[in-house]
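J.: Please see the structure below; I have some questions.
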Amino acid sequence: MAEMTNPLPHADSTHQVTQDERSHYVRRLLQEIVKVYTMLRTPFDKAAVHETCKAFEYEVWSSCHSTDDYVRQIRGQVQSISKRGRCLLQQREFEVATTSTLQATTASPPSYEHHTPSATPEDSMRHLQRAHLQRALSNSWLKSRRKASRFRWEGRLDVQEEAYVRSVEKAAGNDIYEAVRNLHFNQLVTYEEQLRLSLHAEHRDWVAYDLSVVQDLLATLNPISTPQHHNQHDVQALLCQIEKVFKEKALFDYMWEMERCKSVYTSPSSKCPSYLAP
């Protein structure tokens, strides 16, 4: 390998940088930049990038006072390009994910419309209590008859009587869903709309999770869903989940109001954004 014809000003360096070593560093710069372009899937002119790398390497070579300083700066620049490339890739992936989430949120209209209650809240609560009692009595009767049928001295189950009790149990289950729908469906629809608007303004993981939970509850309470779909859910667990969601809604309303007040405080001359409106 030939030594450089234009040695560096300081002669106290550990070794002299050869032309082959300088070409090697140019190739390293080119490789890292091409790798970044490839990861980002961005078109580029390899010849132009190569010329840019050569010009940059010559600039570093001319500005350094020793070969050690030159090697240190070139290697640091290679590592810096690699790190910045990974950061750009992560930023690109985050922007794509956020954009797709926002597009899915804004493009799809509200999934559910407000339900016209078939009874007042007071009547719905009475219907709910009565339906709970009917369903509990039906379950208790069927369970006791199944236990009694295992003994020889007990008669066989009356098919008609059992069919009647099961029909009462099924009707009670439908009444429970109708009462819960009258009491909570419209509140859940309103909460879903608020969560959509909040998620559109700023993506938060907990808001996206709450939105998915509310949408599952709305799908369960949907008036057009079949009774068979209702029977697949435990009523008590459903009521507990709705109660938990409304507790989360109280926290969400508080944070929403805090954001609205903060927006008004920081920019009193500007109107409050529509997504923060109560």
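J.: What residue, among those in the range 18-46 that are in a helix (DSSP H, G or I) and polar (S, T, N, Q), is nearest to GLN90 (Cα to Cα)? Break it down into steps so the answer makes sense when it comes.
T.: Within the range 18-46, the first condition is being in a helix (DSSP H, G or I), and the residues that meet it are 19-40, 46.
Now restrict to residues that are polar (S, T, N, Q): 19, 23, 31, 38.
Working: GLN19: 36, SER23: 31, GLN31: 20, THR38: 14 Å.
Step by step, filter the range 18-46, then rank; the result is THR38.
J.: Taking the condition of being touching a Ser or Thr at 6+ places or on another chain (Cβ under 7 Å) and buried (at least 17 other Cβ atoms within 10 Å of the Cβ), how many residues in the range 188-209 meet it? I'd like the intermediate steps shown before the answer.
T.: Step one: of the range 188-209, the residues touching a Ser or Thr at 6+ places or on another chain (Cβ under 7 Å) are 196, 199-200, 203, 207.
This time we only want the ones that are buried (at least 17 other Cβ atoms within 10 Å of the Cβ), so: 196, 199, 207.
Total meeting the criteria: 3.
J.: Quick check: anything in the range 159-180 among the aromatic types (Phe, Trp, Tyr), at pLDDT 85 or above, surrounded by fewer than 19 Cβ atoms within 10 Å (Cβ to Cβ) and over 30 Å from MET255 (Cβ atoms)?
T.: The answer is yes, given that some residue of the range 159-180 is among the aromatic types (Phe, Trp, Tyr), at pLDDT 85 or above, surrounded by fewer than 19 Cβ atoms within 10 Å (Cβ to Cβ) and over 30 Å from MET255 (Cβ atoms).
J.: Filtering the range 1-32 down to residues that are modelled with pLDDT of 85 or more and in contact with an Asp or Glu (Cβ under 8 Å, 6 or more places away or on another chain), which residue is farthest from SER63 (Cα to Cα)?
T.: Per the criteria, the residue is LEU29.
J.: Another question about this same structure. Looking at the range 210-229, is at least one residue modelled with pLDDT under 85, surrounded by fewer than 18 Cβ atoms within 10 Å (Cβ to Cβ) and within 18 Å of the chain's Cα centre (by Cα)?
T.: No, the range 210-229 contains no residue that is modelled with pLDDT under 85, surrounded by fewer than 18 Cβ atoms within 10 Å (Cβ to Cβ) and within 18 Å of the chain's Cα centre (by Cα).
J.: Further question: Is it true that some residue in the range 253-262 is at pLDDT below 85, among the basic types (Lys, Arg), in the same structural domain as MET125 (by TED's automatic domain parsing) and over 19 Å from the mean Cα position of the chain (by Cα)?
T.: Start the filter on the range 253-262 by keeping residues that are at pLDDT below 85, which leaves 253-262.
In the following step, the residues that additionally are among the basic types (Lys, Arg) were identified as 260, 262.
Among the residues that remain, those that are also in the same structural domain as MET125 (by TED's automatic domain parsing) are: 260, 262.
Of the ones still in play, those that are also over 19 Å from the mean Cα position of the chain (by Cα) are 260, 262.
Yes, there is a match, as at least one residue in the range 253-262 is at pLDDT below 85, among the basic types (Lys, Arg), in the same structural domain as MET125 (by TED's automatic domain parsing) and over 19 Å from the mean Cα position of the chain (by Cα).
The values are calculated or read from the model by the stated rules, or taken from the named source; none is laboratory data. If you're wondering where the values come from, they're calculated on a predicted model, not measured in any experiment. Don't worry about glycine lacking a Cβ; one is built from the backbone with ideal geometry, like all the others, and counts go over all protein chains shown.
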